[in-house]
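**Q** The structure is given below, and queries will be raised subsequently.
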Amino acid sequence: MSEDAKAQDESPVADNDVVDESAASVPTDHVLAASSRGRIDTGVTPGMQIASAWAWRFLVVVAAIVVLGYAMQYLSEVVVPVTVGILLTALLVPVTNGLQRLRVPRGPAAGITVISTIVLVAGLLTLVGTQIAGQFESLSTQVGEGVQKLRELARLNFGLTDKDITDAFKQLQDTITSGGALGQRAAEVGTTATHVVAGLFISLFCLFFFLYQGDKIWAWLVRLFPRQARDKADSSGRKAWVSLTAFVRATIIVAAVDAVGISLGAAILGLPLVSAIGILVFVGAFIPVVGALVSGIVAVLVALVAKGPIVAIVMLAVVIGVQQLEAHVLQPFLLGRAVSVHPLAVILAIATGVVIAGIVGALVAVPTAAVLNTIVNHLAGNDVDPEPPRRPLPRRKPQPAQVAEGTSVTDPRQDLE
């Protein structure tokens, strides 16, 4: 039979060898898929295939992050105290280690550290309360004088009369007290106070056990990973811990310098509430950018109310000078390469933290960004510094049956204390 006759006898829709012959002529820049008829052209170019592969993987990652974020937000009353406990552990673990080197057992050393921290914080709060109570009468008089000065400035510069100012205050008062808003705000404050107290106890318990059995807790977490990934997970965690401790200790030093410098300036200018200003500046320094701005504004307002505009301008110069010293000298020197996060990343991290979790988000945004940056660089092989010394992971003690068979129970990795 000739080729022409064969071509006429074969059906154009039959599953015959013509499909295989035509598949060879398909352009190589398209994707070929297997089927019962042989290989067929899907019409998808390699570039589109790569783009779609990246797209669906990106969507899966984003979905996982969103679900994780919602879960953390739903469990925020637990997540936030645990996070605070981790930050406090990074700060106080040298104290516990020092007590252990003095032959104090690990458990009592952790307990002493936690109790000492509570006593220190209570002492600072008592100092601030005593100072406010001692200067309350004179401060209230100065506040009244300051309000009168502001009324005079508004009347002279903006043309407002005393009636306009009084009406504005009365309208604000009516807005607060009308429609049950006052009771609602009181209920919200009470609920928030309850959550703060509960979170404080959770943070203290976490702090104690992180100081006491942190290595065992971390070893348990590492064992949750697949066996092939445990080494990388362990090394990434240790690198992240080094970065976190460097950040927390540097922040403590910077906050102390800010508090001492601004308090010293306030004392020289004769301002009231010097200790309260210093403690506010110390706490505000833990929130990058926002905390320094708010604490500086409070110090300037106290100077304006107590001593007038000239002293307030001098106080503003003191605040700016101290903060410039912190930003350009202390932070680069103390942090160095341990927490190498770009300033743009810091601003974006703070903004994201504020949107997600408010003040708490701003507090943990920068250390979180520093930790993630360290982990990503480590997994990508771009470590700036060498890995910290590896502490071997603890192992479970052998069962009595294993001892009877002659298995040795001596393992230096079991002794974590």
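**Q** Looking at segment 217-234, I want the residues that are β-branched (Val, Ile, Thr) and have a partner that is assigned to a loop (DSSP other than H, G, I, E, B) with Cβ atoms under 8 Å, at least 6 apart or on another chain. Which pairs are those?
**A** Close Cβ pairs satisfying both conditions: Val222/Leu393.
**Q** Please go through segment 47-66 and pick out each residue that is under 30 Å from Thr245 (Cβ atoms) and open to solvent by 70 Å² or more (accessible area, probe 1.4 Å).
**A** The answer is Val61, Ile65.
**Q** Just to confirm my filter: which helices (runs of 4 or more DSSP H) fall fully inside segment 227-337 and include at least 2 residues that are modelled with pLDDT of 80 or more?
**A** Counting at least 2 such residues, we get 230-268, 274-284, 290-307, 309-325.
**Q** Moving to a separate point now. If we scan segment 93-106, do we find a residue that is outside any helix (DSSP H, G or I) and exposed (fewer than 12 other Cβ atoms within 10 Å of the Cβ)?
**A** yes
**Q** A further question follows. Which one of Leu379, Leu363, Leu344 is at pLDDT 80 or above and open to solvent by 30 Å² or more (accessible area, probe 1.4 Å)?
**A** Leu379
The values are calculated or read from the model by the stated rules, or taken from the named source; none is laboratory data. All figures in this text were calculated on a predicted structure; none of them were measured in a lab. Every residue, glycine as well, gets a Cβ built from its backbone with ideal geometry; the counts of neighbours run over all protein chains shown. Heavy atoms of the whole protein, side chains included, go into the accessibility calculation; ligands, DNA and RNA do not. Shrake-Rupley method; radii C 1.70, N 1.55, O 1.52, S 1.80 Å.
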